[in-house]
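Below: one structure, written as structure tokens.
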Amino acid sequence: MGAYIAQIEQAASQKLGVPVKIASLHFAVLPTPRANVKGLVVGNNEDIRVADVAAVLDVTTLFDDVRVVSRLDVDEPVLKQSALALLGAIAARQGESSGPAPVELRRIVVAGARIEMDGMNLPTMDADIALAAGGKLEKALLTGSEGKLSIDLVPKDAGYAAEIKAEKWTPPVGPRLVFDKLTANLEYAGSTLKFPQVEASLYRGSLIASGKLDWKKNWRLSGSIKTNGIELGDATRLFTRTVKVTGRITGNGKFSSTANTPGKFADAMMLDYKFSVTDGVLYGMDLVKAASLLIRQGMTGGETRFDELGGTLYTRGKQVEVRPVHIVSGLLAADGHVKVMPDKSLSGKIDADIKKGISLVTVPLVISGTMDSPMVLPTKAALAGGAAGTVLMGPLGTGLGVKAGSALDKLFGGGE
């Protein structure tokens, strides 16, 4: 049997263009004639490893020029990240081959397939693949995540087209968002995957996206996104220990990322996203109170209720910035910018317009602290101007003093 295994390894290696190793091989007659292979390894770096393979033979073709394997059962295959390029090369090699193959395969059934990719925890997948004459793909159905995900795959031009459906599903990379429902159309050819249409419902809102993934050299991702009415309170729990913002967010933007592996996309993500949040609460800071009291010690805690919070969100890896940010509520109208550094520290400035009776006072506020403990206080110029105005004109002079101090601050380029 050892000599026979060596012949099979050599023939398979020549056919695929990469080394093929088999640990053991034996034949069985019942329940159907088949060849059972254990410990199959493909590739120079063990790119593909398979625990068990069973080839079920069509006995009616045993004496024909072309023998038929009616079904190939593949149990628990493990594919390294490098296997994606290897499979593409094998497919191209098969397309270039001429003449009829001595063996034709009609169906492949895969159970418990796993792909090993850096930084990603991919679920195991099952597959049922139908092949046409010449070994060409006719159709394939992939399922995973305990039935929560299905992928229908068919040939298209020089590549493949796929339709994805998912329910109560969490993607294997990025924040642990839960999609109530997701549908997507994909187009795959060579080293490029396009997703011209992705539609999803999540957190009582909806999302539409499109884009492209390319891995010819580095992994590159780019596309656009549009959201409508997503509840922020539920989603932000995935990013912070305490909810920082509630309300329904609507917006649109573009994203891109380049990384050595897909698992690093989040660390290199560049996002420009214009948004508006309605009827919500900003937790951790009370902008109205901070602007009204004009105290020298920074305030922490509290909350700011708003009718609308809008702006443009920019991310550059783990650094996040919102500029300009605009907040509107009953007593407050505020404009400014806020930045979140990779260590989650905060910096920024907001000009808060506070209604006091029939007058309107603009108080510049400095944002500092961290995401878990934000701090807000008036700028030094606003404090000094407010104090001077109060001394000279009493309570009526406070607002004028703040305005004068802020004007001088801007004139001479200050900001604290």
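The values are calculated or read from the model by the stated rules, or taken from the named source; none is laboratory data. In this text, all values refer to a predicted model and were calculated from it rather than measured experimentally. When we count neighbours, we look across all protein chains shown, and the Cβ atoms used for this are built from the backbone with ideal geometry, even at glycine.
Residue count for the stretch 332-352 under the criterion of being of a type in the set (Asp, Glu) and either under 13 Å from residue 374 (Cβ atoms) or buried (at least 16 other Cβ atoms within 10 Å of the Cβ) (or both): the result is 2. Total residues in the stretch 257-271 satisfying the condition of being under 11 Å from the mean Cα position of the chain (by Cα) and among the small types (Gly, Ala, Ser): the figure is 3. The single condition among (1) assigned to a loop (DSSP other than H, G, I, E, B); (2) without any contact (Cβ under 8 Å) to a residue 24 or more places away in the chain that residue 123 does not satisfy is (2).
Got at least one residue in the stretch 313-322 being surrounded by fewer than 14 Cβ atoms within 10 Å (Cβ to Cβ), touching a Pro at 6+ places or on another chain (Cβ under 8 Å), at pLDDT 85 or above and in a strand (DSSP E or B)? Yes: the stretch 313-322 contains one or more residues that are surrounded by fewer than 14 Cβ atoms within 10 Å (Cβ to Cβ), touching a Pro at 6+ places or on another chain (Cβ under 8 Å), at pLDDT 85 or above and in a strand (DSSP E or B).
Consider residue 226 against the criteria (1) surrounded by fewer than 16 Cβ atoms within 10 Å (Cβ to Cβ); (2) in the same structural domain as residue 250 (by the TED database); (3) within 18 Å of residue 266 (Cβ to Cβ): it satisfies all of them except one. Which criterion is unmet? Failing condition for residue 226: (3). Counting only strands (runs of 3 or more DSSP E) that sit wholly inside the stretch 1-84, those with at least 3 residues that are in the same structural domain as residue 111 (by the TED database) and over 30 Å from residue 144 (Cα atoms) are 20-28.
Of the residues contained in the stretch 174-194, one or more are found to be of a type in the set (S, T, N, Q), in contact (Cβ under 8 Å) with a residue 60 or more places away in the chain, touching a Lys or Arg at 6+ places or on another chain (Cβ under 8 Å) and outside any strand (DSSP E or B).
For the criterion of being outside the structural domain of residue 332 (by the TED database) and either buried (at least 18 other Cβ atoms within 10 Å of the Cβ) or basic (Lys, Arg) (or both), residue 232 fails.
Could you list all residues from the stretch 112-123 that are farther than 21 Å from residue 260 by Cα and either exposed (fewer than 15 other Cβ atoms within 10 Å of the Cβ) or in contact with a helix residue (DSSP H, G or I) (Cβ under 9 Å, 6 or more places away or on another chain) (or both)? The answer is 112, and nothing else.
Matching residues to (1) on the phi > 0 side of the Ramachandran plot; (2) out of contact with any helix residue (DSSP H, G or I) (no Cβ under 7 Å at 6 or more places or on another chain); (3) not β-branched (Val, Ile, Thr):
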position: 18; (1), (2), (3): no, no, no
position: 27; (1), (2), (3): no, yes, yes
position: 32; (1), (2), (3): no, yes, no
position: 57; (1), (2), (3): no, yes, yes
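Among the criteria (1) among the charged types (D, E, K, R); (2) under 29 Å from residue 83 (Cβ atoms); (3) not assigned by the TED database to the domain that holds residue 249, the one residue 199 does not fulfil is (2).
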